[in-house]
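Notes to accompany the following structure.
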There are 4 protein chains.
Amino acid sequence: MDIFLDKALQKGVDVAPLGQVATYIPELAKGSVSDVGFALMDLDGHMYTRGQAEKNFTLQSITKVITLLLALEDLGKEKVFTHVHMEPTGDPFNSIMSFEVKNPEKPFNPMINAGAMVVTSLIKGETKEEKIRRILEFSGKLMGKEEVRFDQEVYLSEKETGHRNRSLAYFMKSTGIMKGDVEDILDLYFMQCSILGNCVDIACIGAVLASNGIHPITKERVVKKEHARIVKTIMTTCGMYDASGEFAVACGIPAKSGVGGGVLGAVPGRYGVGVFGPALDKKGNSIAGIEMLISLSKDLDFTIF
Amino acid sequence: MDIFLDKALQKGVDVAPLGQVATYIPELAKGSVSDVGFALMDLDGHMYTRGQAEKNFTLQSITKVITLLLALEDLGKEKVFTHVHMEPTGDPFNSIMSFEVKNPEKPFNPMINAGAMVVTSLIKGETKEEKIRRILEFSGKLMGKEEVRFDQEVYLSEKETGHRNRSLAYFMKSTGIMKGDVEDILDLYFMQCSILGNCVDIACIGAVLASNGIHPITKERVVKKEHARIVKTIMTTCGMYDASGEFAVACGIPAKSGVGGGVLGAVPGRYGVGVFGPALDKKGNSIAGIEMLISLSKDLDFTIF
Amino acid sequence: MDIFLDKALQKGVDVAPLGQVATYIPELAKGSVSDVGFALMDLDGHMYTRGQAEKNFTLQSITKVITLLLALEDLGKEKVFTHVHMEPTGDPFNSIMSFEVKNPEKPFNPMINAGAMVVTSLIKGETKEEKIRRILEFSGKLMGKEEVRFDQEVYLSEKETGHRNRSLAYFMKSTGIMKGDVEDILDLYFMQCSILGNCVDIACIGAVLASNGIHPITKERVVKKEHARIVKTIMTTCGMYDASGEFAVACGIPAKSGVGGGVLGAVPGRYGVGVFGPALDKKGNSIAGIEMLISLSKDLDFTIF
Amino acid sequence: MDIFLDKALQKGVDVAPLGQVATYIPELAKGSVSDVGFALMDLDGHMYTRGQAEKNFTLQSITKVITLLLALEDLGKEKVFTHVHMEPTGDPFNSIMSFEVKNPEKPFNPMINAGAMVVTSLIKGETKEEKIRRILEFSGKLMGKEEVRFDQEVYLSEKETGHRNRSLAYFMKSTGIMKGDVEDILDLYFMQCSILGNCVDIACIGAVLASNGIHPITKERVVKKEHARIVKTIMTTCGMYDASGEFAVACGIPAKSGVGGGVLGAVPGRYGVGVFGPALDKKGNSIAGIEMLISLSKDLDFTIF
């Protein structure tokens, strides 16, 4: 197995210079193209790492998986999917157009920004502070860590420059899709996006999904089996922005990427995977991350298809 | 002439019950369907009125004409049209879609909300307060009145519920089309929309346009000839929401309607017209207002075509 | 007056090299950038010409004015506008998108391809041959010519390569907007677009419109006053593709351009204008033609606003 | 196992009356709502059937799977995916809009009409006749049948009324996406859609996919392993129109439905499935078919997630 892990890392290192770090959030522009790494956790909790597997980064859209799981645990699937569809869309992650064209009663899916903001708005809690605390605690349970926190600089940077997300949220407010105080929900959403983690952490989340909700180390149930399965399915059809279809063909596992450079993968019944590389391709996915996942998938036969 | 004025009023009164007052701004829902009236001012300042010609209402989108004129006077046409196009659009007045689809460098025209907000953001003034004061003073010059003010209830109502405009403004902020503080610009825009006037007031604005910028009573020049001409042209192609084409064929004069029930018209070289009737048709234009303008146009041969 | 005409021609000649001849119809690509000319006809039939005023070209979209007039004469305005709206649109002339997004019951206006094809389908006649003969005869009446014909090479070229128009027509067939045999209507439309004329011919059509339907030479009524007025109005709001608004501000007269390089203008109560220059600007309008019209409008005070 | 099969059939029978047969192709409107059935084939070729499992129907969009497999075998994946993407889209199966908005170089995926027509145009063969013969022969190999034919009535009905597909094809021709003679490709496409099969036939195709390309009875390789895997992946993300995401969550297997009422499913490593019921839900999928697949999936644990 070692030889496959080394090979995958090398492939990631090789392609990383072809990508570019995200710049639309000023703080993210500080990422280093040469940071590349990954972690693999099997369902007994054994961890295999290569490269910068313990370097922290902001999880960004990967947190859409976390809040979807939490909302499902909080409210159940019937309630959650009253507020958001589960259909893939060819539109960009921040598209408003389809709301105007199709006047839908709910966003397409929980992996695009509109859907994720609606899911975030569903999280239980009296106040914004209680909600973010619950999200952080739940993230800790998934990662097997005592304490999870968010990066304040990135959070403030997103809050200050997130005009497109603000536009999207007010649009949904105007059509009645979004309930509650828009600025509070946006604030919560920006905090959530700024949650810090590393490859080991997200590999652990992936392992929870791969084992249908059982934590691989403590062997405790963290989420219901059905919720794990639903989330893996939605990750497969919608997890990699508008490259989800191509990624499914090339790699064949449920995965969710974030603009911070991380990708969370789950190989059902076998592994959780966390990969990292802040240089992104044109679709907004980690260029090294995708290369490494495809390499691992080929050599270790990950595909579910 | 009297017979034509009486006839026009009667037609307005007859159709008014077929329309509905705007409800999307809670305060506007209080308008009375039976309020119908108009005023005609010739270029010597003689005023002809019928019905509720002196009842105040909020000018709403009619103020797009006022701020466009002020921006032109403040900055000149070159500068203003660097920030907004002058093309008609078949899209609704509050559409965001075309921004996402076409990624334009500026809004279509100053008569849709997006363009009007950009025009408002161009008005000279150190602070929001100074800007609204200048808009109110300029409105007074156009109306021949000492004091013009805005309706505070309507302003607060729009500010509280204007999520779609807020979404539009943040979208333009995110693409760089809108400069400056979005909340300040929205605040100014909501104040501007709430400016109070009656048929006599807007007939006077129409007369200034009809006489190419000369005030019909004081005979002073209020705006440059070219600016009056530009604004009349844009009113003709874009003034009546997505019924502008039909209205041009039916009535044939530059006009601008507002969701408060008013319509401002200018018959080049002859009259300014102000009509009122809060019951709207499906396109958002005063149903009695349009009927009366068409009746007057036929009997008094208004058309410019 | 001579000095203004010379000046206008010079301006046209100067800008012509900045444009490009249309290439999407192979035959049109043969046009010469240096061909520039115009004709002005007053309402007594006096003709003023400069440059290549008698060189023939295919009228292309200018024929939308001809068939709209004929359809109005054939069926009356009520009937015609049951099948097509009269609203300007910011969409390109060959757009299908709005049909899918808005599912309208009829096309936006008769000056875009969709609307023009529907208008063409309304022309009276048992067969395609009879219909084109009627269109050609009616064109002759408007131009004051015995015989009008269409360019066979251009017709065949359009028929062979007009896939976008074919797509548009079948789309309208699928939604029920277009009645009748699609291939026949397309064939007729391609013939119509290929009608030949020169500046003198289209100045004469413009003069008929400018005089509300009376032929300036024969003094016979060619079309009803109301139909002339309707067509002038629609030309003003929709005649110059998505530069109609800008042209209205800059020149201020009803006009219709064609991709063959011609522009038809009507100065109500004064002149008909025909201009020509096959080099087009980015919006598809004759670059020299627009420049000359604006120059003439400024010097001879054409604007209707 | 019998009990689960009986239960599934019963569920299908129960919901069938809630759907409606397709009417947009006149011939399809003749389908009977009460026809419900399915077939399951394991990888040793054992067949389990219930209800109307041997009643023939036109495969319609299920043939998109067949031609994609054939094109992959003919040309290889590199070549095929030069002409079509593999991304899911939230747009309807017959959407043109995204072509105009996004001006893509190729259609979204081979499971929407645009993509399927492009795939069909790639099939090897000198003439239309040779191409359809090759498609029929290849269908026979997948179904394990000597002779496969298409329904002439349905073919002619589609050819006569398929204006939307014709519009789509000419649009792609106009942008250069579609090569070759449009009418020939459409003709081929309409023949392909009219291919006849029953549940047993499509279960057999499903079994070929489930076994990665090996025919379950003859044990011969029919398609390459990689091609089977690619097609299963694309079926999962795009196979059930704009209900693909919901179906993936509810059932969790690669599947492709057709408007004739059939659904083809593949349970990797285990079964091929063919279900039938001409009454469709609002998304265009067989209402009984989906119900039966979900029932089978739950009881026999089909899901790949």
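Just a few scattered comments:
- Options A:Gly19, A:Gly31: the member that is modelled with pLDDT under 95, buried (at least 18 other Cβ atoms within 10 Å of the Cβ) and at negative phi: A:Gly31
- Some residue of the stretch A:186-198 being over 21 Å from A:Lys77 (Cα atoms), of a type in the set (Val, Ile, Thr), crowded, with 24+ Cβ neighbours inside 10 Å and away from every other protein chain (no Cβ under 14 Å): yes
- Single condition A:Thr63 does not satisfy, out of (1) at pLDDT below 95; (2) more than 17 Å from A:Asp242 (Cα to Cα): (1)
- Residue match in the stretch B:222-245 (condition: over 28 Å from C:Pro107 (Cβ atoms), surrounded by fewer than 23 Cβ atoms within 10 Å (Cβ to Cβ) and at the interface with another protein chain (Cβ under 7 Å from one of its Cβ atoms)): yes
- Taking the criterion of being of a type in the set (D, E, K, R) and surrounded by fewer than 24 Cβ atoms within 10 Å (Cβ to Cβ), the residues of the stretch B:62-76 that qualify are B:Glu73, B:Asp74.
- Scanning the stretch B:259-273 for residues that are touching a Phe, Trp or Tyr at 6+ places or on another chain (Cβ under 7 Å) and farther than 20 Å from B:Arg229 by Cβ, we see that the one that is nearest to the other protein chains (Cβ to nearest Cβ) is B:Gly260.
- Of everything listed in (1) modelled with pLDDT of 95 or more; (2) surrounded by fewer than 20 Cβ atoms within 10 Å (Cβ to Cβ); (3) closer than 26 Å to C:Glu129 by Cα, the single unmet condition for C:Lys179 is (1).
- Restricting D:Met111, D:Met97 to residues that are aliphatic (A, V, I, L, M) and under 18 Å from D:Ile62 (Cβ atoms) narrows the list to D:Met111.
- Residue list for the stretch A:23-52, restricted to those being more than 30 Å from B:Ser174 (Cα to Cα) and among the β-branched types (Val, Ile, Thr): A:Val36, A:Thr49
- Evaluation of B:Ile214 against the conditions (1) surrounded by fewer than 24 Cβ atoms within 10 Å (Cβ to Cβ); (2) out of contact with any strand residue (DSSP E or B) (no Cβ under 7 Å at 6 or more places or on another chain) shows that the sole unmet condition is (2).
- Selected residue (only one of D:Lys256, D:Lys219 is within 18 Å of A:Ala248 (Cα to Cα) and away from chain A (no Cβ under 11 Å)): D:Lys256
- With respect to the conditions (1) closer than 30 Å to B:Thr303 by Cβ; (2) within 14 Å of chain A (Cβ to nearest Cβ), B:Ser174 falls short on a single one, namely (1).
- Unmet requirement for C:Arg50, which otherwise passes all of (1) part of a helix (DSSP H, G or I); (2) buried (at least 17 other Cβ atoms within 10 Å of the Cβ): (1)
- Looking at D:Met117, D:Met111, just one residue is within 12 Å of chain A (Cβ to nearest Cβ) and of a type outside the set (Ser, Thr, Tyr), and that residue is D:Met111.
- Within the stretch C:83-100, if we keep just the residues that are small (Gly, Ala, Ser) and touching a Gly at 6+ places or on another chain (Cβ under 8 Å), the residue that is nearest to the other protein chains (Cβ to nearest Cβ) turns out to be C:Gly90.
- Any chance A:Pro278 is more than 11 Å from A:Phe38 (Cβ to Cβ) and surrounded by fewer than 24 Cβ atoms within 10 Å (Cβ to Cβ): no
The values are calculated or read from the model by the stated rules, or taken from the named source; none is laboratory data. Keep in mind the model is a prediction, meaning the values are calculated, not measured. Every residue, glycine as well, gets a Cβ built from its backbone with ideal geometry; the counts of neighbours run over all protein chains shown.
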